[in-house]
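The next block holds one structure in the form of structure tokens; read it before the comments.
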Amino acid sequence: MSIRTENILSLRGLSFETESVYALNALYHEVLNKGMHGLCFSPYLEGQQPGSRLSEKQIRKRIEIIKPYTKWIRTFSCTDGNELIPGIAHEYGLKTLVGAWLGNNKDVNEKEIKNAINLAKKGKADILAIGNEVMYRKDLSEDELLHFIKRVKRELPEVPVGYVDAYYEFENRPQITNACDIILANCYPFWEGCHIEYSLLYMKDMYNRAVKVADGKKVIISETGWPNLGEKFYGAEPSIENALRYFINAQLWSKEENIELFYFSSFDETWKINYEGDVGAFWGLWDKDEKLKYRKPYINQHQTI
């Protein structure tokens, strides 16, 4: 008999008011070791950032680390060595949600699209994501993005093609929603300032809003997660306890409801501080040195309660 997510803490004799970080940690490892649907793949080592050339060696090392815990990985780019990731992932028996990164550089966009199509034609992409939060960043117009999506779909009629953005963009942009074979919705209660106690309910609402406009198409949660360090964002507070709670609830709920979810993220990446503040570097399940977080020594060092 499955354990309902809402009752998971009380069934273990815990509550949000009384559980210890160590009890949460034990439950976290139990859930982690049972595996998850998908992980967002963080390829950049310390000192690297987008634009750095990735090596096959570093990709293999990180895929070997996460392989026991996930069935799928999600990539974000098809250039600068990122195009090596899908093929290596398939070697290790993982499925791939392959992303083509689109921005305001036309030459790079063209290279990303051509490489994405090439990977899919070689059978290395199980799903293609054409663009990530392009509408949110306003890097392209809606028509420009639609052109890329439709172009890829013409070339690859057998491969599911979608676009990744915040869940509400699929409500606001029906042409994009209609153009996608599959809806790839980012759902972040943290970035909407939600207190951890209400975060699961909030994520359920985000997901259901995307489902409502999907017109029967599959909706995948392409990103969700919670950081363990950094500045709080309104009611959302980074901490070890909150990161553990969020991971447990997200994984159990998605399995209970048969929802495909990609957790963000696999490894901490320091370069994100430049874009998201100090909290940006602490979303990984593994730290920047590829050590699994939330072990007892790690908790002793970083515990805030």
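Values in this text are rule-based calculations from the coordinates and carry no lab data. The structure presented is a predicted model; accordingly, all values stated were derived computationally and were not measured. Virtual Cβ from ideal backbone geometry, glycine too; neighbours counted across all protein chains shown.
Annotations
- Taking each DSSP H run with n ≥ 4 as -39500 (n - 2.57) and averaging over every residue of the chain yields -11500 deg cm²/dmol at 222 nm.
- ³J(HN,Hα), Karplus 6.51/-1.76/1.60, whole Hz, each residue of the range 204-211, x for Gly, Pro: 4, 5, 4, 4, 5, 5, 5, 4
- With at most 11 other Cβ atoms within 10 Å, longest stretch of the chain clear of loop chymotrypsin sites (Phe, Trp or Tyr not before Pro) (DSSP): 17-233
- Trypsin sites (Lys or Arg not before Pro) within the range 127-198: DSSP coil, no more than 11 neighbouring Cβ in 10 Å: Lys138
- Summary value for the range 5-302: 17 percent relative contact order, contacts being C-alpha pairs under 8 angstrom separated by 6+ residues.
- Each label was represented as a point 7 Å from its Cα along the Cα-to-Cβ direction; for Glu46 and Glu192 these points are 3.7 nm apart.
- Distance-filtered residues of the range 92-121 - backbone nitrogen under 17 Å, label point 7 angstrom along Lys218 Cα→Cβ: 94-99, 120
- Helix axis angle, 142-155 relative to the chain longest principal axis, alpha carbon, degrees: 80 degrees
- Sparse-neighbour loop sites [GluC sites (Glu not before Pro); the range 191-293; at most 13 other C-beta within 10 Å; DSSP]: Glu231, Glu257
- Listed pairs Lys114/Lys255; Lys232/Lys272; Lys34/Lys138; Lys57/Lys153 exceeding 28 Å between Cα atoms: Lys114/Lys255; Lys34/Lys138; Lys57/Lys153
- Put a plus charge on the Cβ of each Lys and Arg, a minus charge on the Cβ of each Asp and Glu, and nothing anywhere else: the dipole of the chain about its Cα centre is then about 940 debye.
- Degrees, to the nearest 10: 240-256 long Cα axis against longest axis of the chain: 60 degrees
- Taking 0.36 nm per residue of separation and subtracting the Cα-Cα distance, full extension of the segment from Lys34 to Gln58 would add 6.1 nm.
- When the convex hull of its Cα atoms is viewed from all sides, the chain shows a mean projected area of 15.2 nm².
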